[in-house]
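Here the structure is laid out as structure tokens; the discussion comes afterwards.
The values are calculated or read from the model by the stated rules, or taken from the named source; none is laboratory data. Everything numeric in this text was worked out from a predicted model, so none of it was measured. So basically every Cβ, Gly included, is an ideal-geometry build from the backbone, and we count neighbours across all protein chains shown. Note: areas computed on protein heavy atoms with side chains; ligands, DNA, RNA excluded. Shrake-Rupley method; radii C 1.70, N 1.55, O 1.52, S 1.80 Å.
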Amino acid sequence: MHRVFVTGGTGFVGRTLIQALRAEGHVVRCLVRRGSEHDLRGFEAIERVEGDVLARASLDEAMSGCDAVVHLVGIIREHPARGITFERLHVDATLNVLAAATTVGVRRLLHMSALGARPDARARYHRTKWRAEEAVRSSGLDWTIFRPSIIYGPDDGFVTTLARAVRRLPVVPVIGAGNTRLQPVPAQTVAEGFARALDQAASLGQTYEVGGPEPHTLNEIIDLLGEILKRRKVRKVHVPFPLVRRLARVLQGLPFFPVTTDQLRMLEEDNVCDPTPFYRTFGLSPVPLAKGLERMLVP
Ligand SMILES: NC(=O)c1ccc[n+]([C@@H]2O[C@H](COP(=O)([O-])OP(=O)(O)OC[C@H]3O[C@@H](n4cnc5c(N)ncnc54)[C@H](OP(=O)(O)O)[C@@H]3O)[C@@H](O)[C@H]2O)c1
């Protein structure tokens, strides 16, 4: 049994992760920002400490007494006017967590990165995720890094939005030709991988790419949603990348505009992997996308 300090526990992946950690018998302590307590309603059996990953001083005390850290905090969209940037939330936040873990003497660290993280990536999201990984690798802690493709489940930002469009709109807008390949993985699978990694010595110093059993194009995912939601034929309208990019340059600062130029860079490239080492190491079975979507969307 571990006492696990979790950052990002109030988020979409975090809430599933808390359940997976509890199911394995661990005690969970969540870092909660002021104003976000309501996101953990229903999670009575966990410890909560107020703090912010950007406030280094808050972390030492918050973490003390724990023997493992799961660092999930990350953003997909920047709000520079409010100081919310990839640089701060991916790189600086990770440095703060690593420094606190080192100071307090917590040795085990599970770090959430993202598939596509690499030094020369086109998207700054991926480049800053890479730099956070590099900091983890040189931390001297007992680390394991996870790089998932798109994660889906209740309250996610991807399948939930697409499913709503398939249900409600006469035609579903698709950015580009829809041929980009993705490998969506259920949040439950990701969470169980993290929970099992805590005591899995073979995962020390390893980086795992995480995805569903096989790649699917965006068009295929939308068609699959149509079948599952019993829409006879899903009609799509393809909006060319250059047009969306021009609009995004002007409108991405406004919360209603659905994508940023950085997200467009990611949408233009495949996000696929060989997840075999992940499933083998943690003794998990890959869930085919059709089955996972059905579990998520069909009552
Ligand atoms: N979702 C995916 O498809 C996907 C795929 C690959 C990797 N990932 C990575 O997985 C991680 C979790 O993603 P998610 O989808 O669960 O995101 P999410 O729902 O937006 O959750 C983000 C979490 O980070 C917390 N947070 C943000 N700024 C913070 C700060 N300054 N101090 C403390 N906590 C802060 C949020 O807290 P509040 O509740 O206070 O806002 C929330 O708990 C991220 O690192 C993301 O890059 C996600």
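If only residues of region 71-90 that are touching a His at 6+ places or on another chain (Cβ under 8 Å) and in contact (Cβ under 8 Å) with a residue 60 or more places away in the chain are counted, the one that is farthest from the ligand (Cβ to nearest atom) is His71. Asp155 - would you say it is among the acidic types (Asp, Glu), closer than 22 Å to Leu21 by Cβ, modelled with pLDDT under 95 and surrounded by fewer than 23 Cβ atoms within 10 Å (Cβ to Cβ)? Yes: the conditions hold for Asp155. Scanning region 55-70 for residues that are among the hydrophobic types (A, V, I, L, M, F, W, C), touching a residue at least 40 places away in the same chain (Cβ under 8 Å) and assigned to a helix (DSSP H, G or I) yields Leu59, Ala62, Met63.
You will find that of Arg295, Arg280, Arg265, the residue that is farther than 23 Å from Glu220 by Cβ and open to solvent by 50 Å² or more (accessible area, probe 1.4 Å) is Arg280 and no other. For beta carbons closer than 6 Å, sequence separation of 6+ or different chains, a first residue in region 114-128 that is within 13 Å of the ligand (Cβ to nearest atom) and a second that is of a type in the set (S, T, N, Q), the qualifying pairs are Leu115/Ser149; Leu115/Asn271; Gly116/Asn271.
Among the residues of region 38-54 satisfying the criterion of being open to solvent by less than 80 Å² (accessible area, probe 1.4 Å), free of Cβ contacts under 8 Å to residues at least 40 places away in the same chain and not acidic (Asp, Glu), which is nearest to the ligand (Cβ to nearest atom)? Taking the candidates together, the pick is Gly51. If I filter region 94-103 for residues that are at pLDDT 95 or above, more than 16 Å from the ligand (Cβ to nearest atom) and in contact with a helix residue (DSSP H, G or I) (Cβ under 8 Å, 6 or more places away or on another chain), do I get at least one hit? Within region 94-103, one or more residues are at pLDDT 95 or above, more than 16 Å from the ligand (Cβ to nearest atom) and in contact with a helix residue (DSSP H, G or I) (Cβ under 8 Å, 6 or more places away or on another chain).
Looking at region 151-194 only, could you name the residues that are near the ligand (Cβ under 10 Å from one of its atoms) and assigned to a helix (DSSP H, G or I)?
Residues satisfying the conditions are Val159, Ala187, Val190.
Restricting attention to region 21-37, the residues that are more than 10 Å from the ligand (Cβ to nearest atom) and surrounded by 14 or more Cβ atoms within 10 Å (Cβ to Cβ) total 7.
Close contacts from region 141-165, counting a first residue that is closer than 19 Å to Thr128 by Cβ and a second that is of a type in the set (Asp, Glu) and outside any loop (DSSP other than H, G, I, E, B), with Cβ to Cβ under 6 Å and a gap of 6+ residues or different chains, come to Ile145/Glu133; Arg147/Glu209.
Evaluate region 212-234: report whether one residue or more is touching a residue at least 24 places away in the same chain (Cβ under 8 Å), open to solvent by 70 Å² or more (accessible area, probe 1.4 Å), over 23 Å from Arg164 (Cβ atoms) and not charged (D, E, K, R). No, region 212-234 contains no residue that is touching a residue at least 24 places away in the same chain (Cβ under 8 Å), open to solvent by 70 Å² or more (accessible area, probe 1.4 Å), over 23 Å from Arg164 (Cβ atoms) and not charged (D, E, K, R).
For region 261-278, the set of residues classified as of a type outside the set (A, V, I, L, M, F, W, C) and not in a helix (DSSP H, G or I) consists of Glu268, Glu269, Asp270, Asn271, Asp274, Pro275, listed by residue number.
For the criterion of being within 19 Å of the chain's Cα centre (by Cα) and not in a loop (DSSP other than H, G, I, E, B), Val4 passes. Taken together, the criteria place His2 among residues that are away from the ligand (no atom under 13 Å from the Cβ) and under 15 Å from Ala101 (Cβ atoms).
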